[in-house]
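What follows is calculated from the coordinates using simple rules that are stated; it is not laboratory data. Nothing here was measured: the structure is a model prediction, and the numbers come from that model. Cβ placement follows ideal geometry from the backbone for every residue including glycine, while neighbour counts extend to all protein chains displayed.
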Amino acid sequence: MGGVDRCDQNLSLYRTSIRGKKWYFPLFTHCIDMVIQTAWQLHRISGGKLDQLAFRRGEACRILETYNKDSRRFSKVSQMHHGSSRYDRLDHLAGFRENQRCRVCHKKVKVFCKKCDIALHIKDCFAQYH
């Protein structure tokens, strides 16, 4: 078997099976598969005893340990206005800024309360929150 046939055979064993919506995604995953397969071949030539699946799992774990960040998104947490300042009905004026999520219904909205610094819809959510 030639080198190209062996490469194709090894690629077919553990092909990345993630579907993407972009035309280039299969090309990208194929290139990643080829890089991993080539690294595994070099590992075996240098005396490594791992099979391809164990090598792939080890590399995936190594990459995740190196580059993994906390998956939770931390957003700017506005101060919760409890008690009198939230319900005092004084100086709660609407302002405009970039799209954010409404505190009550969680839909996108550009309006926010200037006093509370919280995104809210003007009609229903503003009165319900205050």
* What are the chymotrypsin sites (Phe, Trp or Tyr not before Pro) within the range 13-58 that DSSP puts in a loop, where the Cβ has at most 16 other Cβ atoms within 10 Å? -> Y14, W23, Y24
* Structure fact -> For Q100 and F25, extending 7 Å from Cα along the Cα-Cβ vector and measuring point to point gives, in nm, a value of 3.2 nm
* Any idea how far apart K115 and A127 come out in nm if each label point goes 7 Å out from Cα toward Cβ? -> 1.7 nm
* Environment charge of T38, counting only residues whose C-beta is closer than 14 Å and scoring Lys/Arg +1, Asp/Glu -1 -> 0
* Charge context of I18, other residues only, Cβ under 15 angstrom, K/R +1, D/E -1 -> +4
* Convert each backbone phi in the range 34-43 into a coupling constant with the Karplus relation 6.51 cos²θ - 1.76 cosθ + 1.60 (shift: θ = phi - 60°), then list the ³J(HN,Hα) values in order as whole Hz, x for Gly and Pro. => 5, 5, 5, 5, 5, 5, 5, 4, 5, 4
* Quick one: grab the alpha carbon gyration tensor of the range 89-129, order the square roots of its eigenvalues as a ≥ b ≥ c, and give me rounded if a/c is under 1.5, else prolate or oblate depending on whether a/b is larger than b/c. => oblate
